[in-house]
Amino acid sequence: MPTLNKIRTALLGDTRTVLPGERRPDRGSPALRRLRIALTLFFALDGFLFAGWVVRIPAIKEQTGASAGALGLALLGVSAGAVATMVLTGRLCRRFGSHVVTVVAGVLMSAGIALPPLTHSATALGLVLLVFGAAYGGINVAMNSAAVDLVAALRRPVMPSFHAAFSLGGMLGAGLGGLVAGHLSPTRHLLLLTLAGLAVTAVAGRALLAHPAPRAERPAPAPAADGGSPRRGSRTVALFGVIALCTAYGEGALADWGALHLQQDLGVHAGVAAAGYSVFALAMTLGRLSGTFLLERLGQTTALVAGGAAAAGGMLLGALAPTVWAALAGFAVTGLGLANIFPVAVGRAGELGGPGGVAAASTFGYGGMLLGPPVIGLLADASSLPVALTTVAGLAAVAAAIAYATRRTVSGPR
């Protein structure tokens, strides 16, 4: 029986251990479909709300009268609140369940987004952003933990589809925010986002709370395949966290420095330069929408290694190409390559370590997103921006190498 279970796990990518007399949930059941829709809505809401806040930062800066430096320190409140909350959220998910924590965090994030326009100093802004960041970190860990359990029950690698919903929500939030920015004050705009967020949380949260998380047993075979040591299993979770960090580093670096590279180093005007990150983000979204198809056909290891290699090659082209069109093509390849690395890394960490594994990988990943922009800036001062951006390629290659080294712990035939 153990051998048969291992064979089935390898073929299906299923991480559950079926106990005697236990009925495996039907992956086509209405309950699982409702859970998937509800979680997709939460992922989209997360991206929608965060993007809606980001587009109003210039107006909030003007309202508070903050200098660029003071605003930068205040914005660290989001990061500090998120990182501080992520590990705690893993414990809360184990105690109260990921569905309950997802709903509570959704309410807090929706309410928290209305607070920044009420502030009139950089200090006050930083304090309310701590609250917003805590809710943002909490919902990311909780909904990813819930998604890990659902993926195990569905026995299909659908994690990228949830992250695609986040990307689509972000694009929608940024687009709508740009349209209303000239017509609505930040207070009214973000209050409308609060109301929309609470409405979505009420509808999607009802489905989550009505259906308990699928009872996915954590895999005993994974640590054994890695040497049989719980400590070795923890190290493997950390390695998947490093993979997430490498991916998020690239996202943060391109978000903050991609447009400047096109404008400063290739001499294009601001409109074309702004398209650089849009090309990257669109390619990443398309990559995630096709992620389940790719994972089912390639397996996790092949997808991770190929994605890291593609991102490394694409970023070398994007950073060093002498023409803007070649650079944009490089950004697009980088987005496609990085698209599914983070979802797979977080999902695999969750399979190995439960909510604590998701929290650890998410903390690593968020740290990478924070680390990327300042490191690129320091390296650009020491050498040049194109050379600094090649570190994105280097870390993508590191992610591919780690994925290959941990291939024995990755579900799937390859």
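Of note:
- Residues in the range 153-180 that are over 27 Å from Tyr277 (Cβ atoms), open to solvent by 10 Å² or more (accessible area, probe 1.4 Å) and in a helix (DSSP H, G or I): Leu154 alone.
- Residue count for the range 81-103, restricted to those that are open to solvent by less than 10 Å² (accessible area, probe 1.4 Å) and at pLDDT 95 or above: 1.
- Sole residue being at pLDDT below 90 and either open to solvent by 20 Å² or more (accessible area, probe 1.4 Å) or within 15 Å of Leu260 (Cβ to Cβ) (or both), chosen from Leu371, Leu317, Leu395: Leu371
- Here Lys61 meets each of (1) among the basic types (Lys, Arg); (2) at pLDDT 85 or above; (3) surrounded by 14 or more Cβ atoms within 10 Å (Cβ to Cβ); (4) under 15 Å from Val151 (Cα atoms) with one exception, condition (4).
- Selection of helices (runs of 4 or more DSSP H) fully inside the range 181-272 by the criterion of at least 3 residues being open to solvent by less than 30 Å² (accessible area, probe 1.4 Å), on the phi < 0 side of the Ramachandran plot and modelled with pLDDT of 90 or more returns 186-210, 230-266.
- For Val78, the conditions (1) open to solvent by 20 Å² or more (accessible area, probe 1.4 Å); (2) within 20 Å of Ala255 (Cβ to Cβ) all hold with the exception of (1).
- Unique residue being touching a Leu at 6+ places or on another chain (Cβ under 8 Å), open to solvent by less than 40 Å² (accessible area, probe 1.4 Å) and closer than 29 Å to Val148 by Cβ when the list is Gly330, Gly335: Gly335
- Filtered by the rule that a residue be within 20 Å of the chain's Cα centre (by Cα) and open to solvent by 20 Å² or more (accessible area, probe 1.4 Å), the range 104-129 gives Val104, Val107, Leu108.
- Residue that is nearest to Val103 (Cα to Cα), among those in the range 186-203 that are of a type in the set (Ser, Thr, Tyr) and within 24 Å of the chain's Cα centre (by Cα): Thr201
- The number of residues in the range 273-296 being open to solvent by 40 Å² or more (accessible area, probe 1.4 Å) and closer than 19 Å to Phe162 by Cα comes to 7.
The values are calculated or read from the model by the stated rules, or taken from the named source; none is laboratory data. Being a predicted model, the structure only gives us computed values, none of them experimental. Don't worry about glycine lacking a Cβ; one is built from the backbone with ideal geometry, like all the others, and counts go over all protein chains shown. SASA here: full protein model, heavy atoms, side chains in, ligands and nucleic acids out. Shrake-Rupley method; radii C 1.70, N 1.55, O 1.52, S 1.80 Å.
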